[in-house]
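S.K.: Would you mind keeping the following structure in view while I ask a few things?
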Amino acid sequence: MEFVAAHDLDEALAAKAQRPEAVFLAGGTDLMVEVNLAHHRPASVVSLRRVADLRDASPNRIGAGVTWARLERGPHRGLAQAARTVGSPQIRAAGTIGGNIGTASPAGDGLPWIAAADASIEARSAARGTRVIPWNEFFIGVKRTSLLSDEIVTAVIVPDGLPEHQEFAKVGVRNAMVISTVSCLVIRGDDGFRVALGSVAPTPIRASRAEEMINAESSITAAALDEFARIVSQEVKPISDHRSTEAYRRHAAGVLARRLVERSSR
């Protein structure tokens with residue numbers, strides 16, 4: 001295995017251009033699992049740990065190399081809540097939001113926040129420069145993205161004026177170091193509620209019909225919340241697998257979304 005330690009973005013992209021089969025490595029918390037299980041043996045690896053540009057963070061731009069440990073203390077409440085649920089302290093110190101995005105697992109803990117925030121993904125290549133991709137055009141399937149083979153994820157672009165009322169929760173088969181069975185992120189702003197979910201479809205999704213329904217209510221009553229939860233359960237597109245059944249995921253999605261709407265309404 002050939003290993004290249006890039007010192008800046010240009011060096012990383014040049015290494016990728018010279019080695020099209022190369023894999024980018026940041027925290028390695030996803031890639032090294034695949035390597036250790038002999039599921040993946042990359043011929044070349046380009047390390048991004050020394051690329052300072054990827055570690056820059058501000059309220060409107062979160063570098064792909066920002067770790068979960070930093071995001072725990074960040075300004076975005078929902079993302080900080082999600083970050084605290086990622087693995088162990090050791091994993092949070094190494095793993096990055098860019099890795100979560102690039103892996104594009106339906107269970108990625110940061111992805112519902114990106115969807116609820118209507119954030120975009122910034123990508124860069126040596127040949128074409130930088131482009132910004134809306135989240136719902138970036139995630140296209142289970143562990144599939146619209147990222148081109150010579151591109152690298154460089155940042156999450158966060159819209160101006162993101163509401164501060166944000167709540168995240170997930171359920172899984174245990175209480176700690178858990179891969180989500182269902183995750184949910186609710187943001188409440190002047191325009192109403194935004195509801196995004198993970199682990200219930202091939203990509204992170206917005207529960208748009210449920211949003212429309214709850215935002216049309218003049219007051220949040222128990223009956224309205226019941227109907228809201230029912231619509232969320234209908235909107236999701238889960239599967240049955242070794243972690244859960246389709247029926248449980250549908251039920252849990254509605255329950256989580258209802259609880260977070262109630263919590264963010266206080």
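The values are calculated or read from the model by the stated rules, or taken from the named source; none is laboratory data. This one's a predicted model, so the numbers in the text were calculated from it and none came from an experiment. Methodologically, a virtual Cβ is constructed for each residue, glycine included, from the backbone with ideal geometry; neighbour enumeration extends over all protein chains shown.
S.K.: Just checking, how many residues over the stretch 200-219 are touching a residue at least 24 places away in the same chain (Cβ under 8 Å) and loosely packed, with under 15 Cβ neighbours inside 10 Å? Walk me through it before giving the result.
M.R.: Here is the first cut: in the stretch 200-219, the ones touching a residue at least 24 places away in the same chain (Cβ under 8 Å) are 200-210, 214-215.
Then drop every residue that is not loosely packed, with under 15 Cβ neighbours inside 10 Å, which leaves 208-209, 215.
Residues flagged as touching a residue at least 24 places away in the same chain (Cβ under 8 Å) and loosely packed, with under 15 Cβ neighbours inside 10 Å within the stretch 200-219 amount to 3.
S.K.: Before we move on, is residue 203 among the polar types (S, T, N, Q) and under 20 Å from residue 237 (Cβ atoms)?
M.R.: Taking the combined requirement at face value, the residue satisfies it.
S.K.: With respect to residue 178, is the statement that it is over 30 Å from residue 126 (Cα atoms), within 16 Å of the chain's Cα centre (by Cα) and surrounded by fewer than 18 Cβ atoms within 10 Å (Cβ to Cβ) true? Lay out the reasoning, then the answer.
M.R.: Working: over 30 Å from residue 126 (Cα atoms): yes; within 16 Å of the chain's Cα centre (by Cα): yes; surrounded by fewer than 18 Cβ atoms within 10 Å (Cβ to Cβ): yes.
Considered against the rule, which asks whether it is over 30 Å from residue 126 (Cα atoms), within 16 Å of the chain's Cα centre (by Cα) and surrounded by fewer than 18 Cβ atoms within 10 Å (Cβ to Cβ), residue 178 comes out as yes.
S.K.: If you don't mind, another one. May I ask you to say which residue of 225, 147, 197 is over 25 Å from residue 81 (Cβ atoms), surrounded by 17 or more Cβ atoms within 10 Å (Cβ to Cβ) and not charged (D, E, K, R)?
M.R.: Going through 225, 147, 197 in turn, the sole match is 147.
S.K.: Just the residues that are over 12 Å from the mean Cα position of the chain (by Cα) and either in a strand (DSSP E or B) or not hydrophobic (A, V, I, L, M, F, W, C) (or both), please, taken from the stretch 89-117. Steps first, answer last, please.
M.R.: Step one: filter the stretch 89-117 for residues over 12 Å from the mean Cα position of the chain (by Cα), giving 89-95.
Passing the criteria: 89, 90, 92, 95.
S.K.: Which number in (1) touching a helix residue (DSSP H, G or I) at 6+ places or on another chain (Cβ under 6 Å); (2) closer than 25 Å to residue 98 by Cβ marks the one condition that residue 161 misses?
M.R.: (1)
S.K.: Same structure, new question: Please go through the stretch 230-256 and pick out each residue that is in contact (Cβ under 8 Å) with a residue 60 or more places away in the chain and either surrounded by 20 or more Cβ atoms within 10 Å (Cβ to Cβ) or not in a loop (DSSP other than H, G, I, E, B) (or both).
M.R.: Residues satisfying the conditions are 244, 248, 249, 252, 253, 256.
S.K.: Only one residue in 56, 30 is at pLDDT 90 or above and among the acidic types (Asp, Glu), so which one is that?
M.R.: Unique residue meeting the criteria: 56.
Rundown of residues vs (1) in contact with an Asp or Glu (Cβ under 6 Å, 6 or more places away or on another chain); (2) modelled with pLDDT of 95 or more; (3) under 27 Å from residue 190 (Cβ atoms); (4) among the basic types (Lys, Arg), yes/no style:
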{"site": "45", "(1), (2), (3), (4)": "no, no, no, no"}
{"site": "76", "(1), (2), (3), (4)": "no, yes, yes, no"}
{"site": "87", "(1), (2), (3), (4)": "no, no, no, no"}
{"site": "95", "(1), (2), (3), (4)": "no, no, no, no"}
{"site": "98", "(1), (2), (3), (4)": "no, yes, no, no"}
{"site": "115", "(1), (2), (3), (4)": "no, yes, yes, no"}
{"site": "136", "(1), (2), (3), (4)": "no, yes, yes, no"}
{"site": "147", "(1), (2), (3), (4)": "no, yes, no, no"}
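S.K.: Taking the conditions exactly as written (touching a residue at least 60 places away in the same chain (Cβ under 8 Å), closer than 16 Å to residue 24 by Cβ and touching a helix residue (DSSP H, G or I) at 6+ places or on another chain (Cβ under 9 Å)), does residue 104 satisfy them or not?
M.R.: The answer is yes for residue 104.
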